[in-house]
There are 4 protein chains.
Amino acid sequence: MSRLAVTIFNEFLHERESDLVRAVYPDGIHAEVSSAVSERLDADVRTATLREPEHGLTQAVIDATDVLFWWGHKAHAEVSDAVVERVHRAVLGGMGLVVLHSGHVSKVFTRVLGTSGWLRWREADEKERLWSLQPSHPLLDGIPEHFELEQEEMYGERFDVPEPDELLMLSWFQGGEVFRSLCSWRRGHGRVIYFRPGHEAYPTYRNRHVRRILANAAAYAGRRVRQDLGRPIQVEALEPVPNPGKEHVG
Amino acid sequence: MSRLAVTIFNEFLHERESDLVRAVYPDGIHAEVSSAVSERLDADVRTATLREPEHGLTQAVIDATDVLFWWGHKAHAEVSDAVVERVHRAVLGGMGLVVLHSGHVSKVFTRVLGTSGWLRWREADEKERLWSLQPSHPLLDGIPEHFELEQEEMYGERFDVPEPDELLMLSWFQGGEVFRSLCSWRRGHGRVIYFRPGHEAYPTYRNRHVRRILANAAAYAGRRVRQDLGRPIQVEALEPVPNPGKEHVG
Amino acid sequence: MSRLAVTIFNEFLHERESDLVRAVYPDGIHAEVSSAVSERLDADVRTATLREPEHGLTQAVIDATDVLFWWGHKAHAEVSDAVVERVHRAVLGGMGLVVLHSGHVSKVFTRVLGTSGWLRWREADEKERLWSLQPSHPLLDGIPEHFELEQEEMYGERFDVPEPDELLMLSWFQGGEVFRSLCSWRRGHGRVIYFRPGHEAYPTYRNRHVRRILANAAAYAGRRVRQDLGRPIQVEALEPVPNPGKEHVG
Amino acid sequence: MSRLAVTIFNEFLHERESDLVRAVYPDGIHAEVSSAVSERLDADVRTATLREPEHGLTQAVIDATDVLFWWGHKAHAEVSDAVVERVHRAVLGGMGLVVLHSGHVSKVFTRVLGTSGWLRWREADEKERLWSLQPSHPLLDGIPEHFELEQEEMYGERFDVPEPDELLMLSWFQGGEVFRSLCSWRRGHGRVIYFRPGHEAYPTYRNRHVRRILANAAAYAGRRVRQDLGRPIQVEALEPVPNPGKEHVG
């Protein structure tokens, strides 16, 4: 089997516009996520950012990608509909998609799930504690029963997503809310994962448990098949039917 | 509680263009579906068709609808994106949606679910037998363990939809295929139902079991709440946090 | 349709052995749960307690019950296996079952679900805040987005239950844990609900939101069908088969 | 990582009592299932049969097993409750369990799932065609969109099991029924799989697709963690609580 081909998309605006964020992620969030994946997996990892042509996500890049990570926040509206359509189609065809933090209202995520991504939020330097619900799941391999992030943005329920196929972690927040923080869904032949932490102003992607989950997600969501789900296909019967050569009405 | 407000959308092209289909549904499929709902429920039922302005689905109509039925086949592409967006938003806000038969690749259905609706199909006048998986579910109230449709179009797996929240019926086809024929999902505050049978060339919507399921679907998917899931909302903490008045970065 | 027949089972030991608990529930927890159901539903409500013959749950009582509530804590082991078997079979046949609080390790609950009910716990007079995930679900009819219980026992994840068919509320605890507090599963033809709050030392069952959920649960889990799922049945073919009269081997 | 430890349990009565069955499986069904696993996986495979002491499933054997296959039919009642309890506890603790064909009413399967395993059946030498719903799932790796078994026993819905966490294959039967033929559930830390085909009078376990699924199941359900889910544990608070040293009532 060939090496896992991972593409990390990052909006890459905060890190260039804010001294505070640049101090946390001097090379960009995509660099940190890339290193988290690379340090555990034998994978080909490339990155893509919003202001590149086609956001760095040309058809050739997407075709060569087994799993795509997505971090965006302030410029969701700038993502072109053509790229959203391309990503969506690729997911249905078998590409994995790992949506991070503020990607909960990205065009890609809401298109793929069909929901709004609505939630409550607050930025108050508060503590988040994540609890594992399924220690035997590959996404939680090596993760303790709970771990803490000393400061994070708060996301609170109700999180408007479809029922997860797999609900893997719940977050407790100091300010009184809870959240479904690690979820997975199948869409077409592709696996979609949402992982909550990762506000740009905190060093969340350097936390070792968070990094482990990023690597686990790349492995778990990696492509297993490739099939274009285009138009429904007309088929001949496998058993005798009354009118096998019938012209279709309509 | 006010009466259930049901809107039946039908493309209404086959019935006007084909003598064969008009012979089966002289007043249009929407009329037959309407009567199936009305004969069992105390509901306000209206209809809407493709060639009306805004397909008969103005914002006022959608706002006044508790559950929307959708039958379309040959002209999915003619449905305006604005109406699709309006219906999608209404579902997230609590409106029910019942998608029938060839609506499996309608813009509305694929948008709401995020999948392609791909499947295998064949028109050969063959027999379909539907099996109940959950006789205790409200959608199957009054439905026997199995029932037959002597002639139907075949739809076969793999049906490209998200895992159903509720899988209620499976179909057996004479030609050798199987299908998940009655499924339900929650999207936002709305309930989405897919019910397979209903090809325009057969009198399926006059079958008493099919009619019962249509009425059950109207009741089950009827609106229970109304809330616009617009932008995520910023909230104050319910418990003490380190930095309650912090300015949001970004 | 006949009135809903509700049976409330309570261990009824704490209230007789502890002055503190008796002060909270002078007539027993079963009396409080009964009144919560009766005040909203037109139902026949009876009660049953551990020290009655057959725990008050004779075959005749179970046969006449549409939904059974279960509160037990310190004497799970005293519940006879015959009654557990009777309740289990009734659930498969269509009776609803609403398991409360410390019933998470009752014989009835673990038998019906097939899991251990394992969790973390602590009694420290701490605050619990319950968050609604599905405001459009009948179980949460009339319930706000969140509500608080000033003092409760803490139950924390990982809660060892099968994936809920429906996950409806999550709890936040002052001491740092989270919990899936309102869940539902189908078993056979019966609906099983687990609702977390209700430690005997706090007046939880007098909280108006908790009471509303108890009444909602009685209505939602009420019997819809009655069928004894005994031995699998041998059936004749509905379509031609090669060897219709074959003797079964074995 | 150490090699996967697989144990194949077979009742092993039909093969000794029936010339017909012995002609199909001269070394027993367990030998055929073992070879299917061994030919694809680097695993330690052992077998166990009903008439051995403790059915060959001593505590030491179970402790050393990562995934247990179960084939039984005519002597479910002979399986000791102690062994059932041992297997159940092991599953909750992380051991995989793959239940085959007539194991649908085995004590082990019904205990672990909490349902009756009820279904319709018929033995008429009829054709079964299995359809894949999730070609991207590890259980279906290498399996075509559909495959046929020329002769099999029929099992038809309604199959009384909890909603599968994963529904992977549906069967079409010549005589007119359908069935959920490949399903998976999580129980505790263990993965439970049910795979329908495998009547003792047909050479089903020599079919290459069936064999591939057996091997896939061994790999997918293999143990990932080991934890005894005994009594719930009392924990100290992670955050300040009002009454941290409180004595537990009851």
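The values are calculated or read from the model by the stated rules, or taken from the named source; none is laboratory data. Keep in mind that what you see is a predicted model, and the values were worked out from it rather than measured. For neighbour counting, all protein chains shown are included, and Cβ atoms are generated from backbone atoms with ideal geometry for every residue, glycine included. Just so you know, the surface numbers come from the protein's heavy atoms only, side chains and all, with ligands and any DNA or RNA stripped out. Shrake-Rupley method; radii C 1.70, N 1.55, O 1.52, S 1.80 Å.
Filter the cross-link list C:K107/D:K246; C:K246/D:K127; C:K74/C:K127 down to pairs whose alpha-carbon distance in this structure exceeds 26 Å. It would help to have the intermediate numbers written out before the result.
Numbers: C:K107/D:K246 28 Å; C:K246/D:K127 15 Å; C:K74/C:K127 23 Å.
Beyond 26 Å: C:K107/D:K246.
Label points for A:Q227 are taken 7 Å from Cα along Cα→Cβ. From this copy to the others they lie 3.2, 3.6, 3.8 nm apart, shortest first.
Between this copy and the others, label points of D:E239 are 0.2, 5.9, 5.9 nm apart in ascending order, each placed 7 angstrom from Cα in the Cβ direction.
Annotation for the A:B interface, with buried accessible surface near 5000 Å², both sides summed [1.4 Å probe; non-protein components not counted].
Extending 7 Å from Cα along the Cβ direction at A:L20 and again at D:R16 yields two label points whose distance is 7.6 nm.
Solvent-accessible surface of chain C, taken per residue with a 1.4 Å probe and all protein chains present: 33 Å².
With label points set 7 Å from Cα along Cα→Cβ, the inter-copy distances at D:P26 are 7.2, 7.4, 8.3 nm, sorted shortest first. Amide H contacts of C:V45 (H built 1.01 Å from N, in plane; Pro and chain starts excluded): C:V6 sit under 5 Å, all sequence-distant by 5 or more or on other chains.
What is the Cα centroid distance between segment A:32-96 and segment A:172-203, reported in whole angstrom? A separation of 18 Å, based on Cα centres. Farthest toward the dipole's positive end in segment C:141-250, which of C:V210, C:G142, C:Q227, given Cβ charges of +1 (Lys, Arg) and -1 (Asp, Glu) about the Cα centre? It is C:Q227, whose Cα lies furthest towards the positive end. Could you tell me what percent of the accessible area of the protein assembly as shown is made up of carbon and sulfur, with a 1.4 Å probe and every protein chain present? Heavy-atom surface of the protein assembly as shown belonging to carbon and sulfur, 1.4 Å probe: 48 percent.
Accessible-area loss of 20 Å² or more (1.4 Å probe, protein heavy atoms, chain alone versus all protein chains) is found in segment D:197-237 for D:R224, D:V225, D:Q227, D:L229, D:P232, D:I233, D:Q234, D:V235, D:A237.
How much FRET efficiency would the formula 1/(1 + (r/R0)^6) give for A:E39 and C:E150, where r is the Cβ-Cβ distance and R0 is 45 Å, rounded to 0.05?
On the way: r = 46 Å, r/R0 = 1.03.
Calculated value: 0.45.
What does the convex hull of the Cα atoms of chain B come to per residue, in Å³, rounded to a whole number?
Expressed per residue, the convex hull around the Cα atoms of chain B is 165 Å³.
Here the chain C residue lying nearest the rotation axis onto A, judged by its C-beta and given with the distance in whole angstrom, is C:V178, 3. Among D:E123, D:E32, D:E15, the residue with the largest mean-square fluctuation in a Gaussian network model of chain D, with springs joining Cα atoms closer than 10 Å, is D:E123. Annotation: the antiparallel percentage among DSSP beta bridges lying fully within the protein assembly as shown is about 55. Maximal additional length on extending the B:R3-B:Q234 stretch stands at 79.6 nm, based on 0.36 nm per residue less the C-alpha distance. Among the residues of segment D:138-158, those with an accessible-area drop of 40 Å² or more from chain alone to full protein complex, heavy atoms and 1.4 Å probe, are D:E145, D:E157, D:R158. Projecting the Cα atoms of A:S38, A:F69, A:Y25 onto the dipole axis of segment A:21-81, where Lys and Arg carry +1 and Asp and Glu carry -1 at the beta carbon, places A:Y25 farthest toward the positive end.
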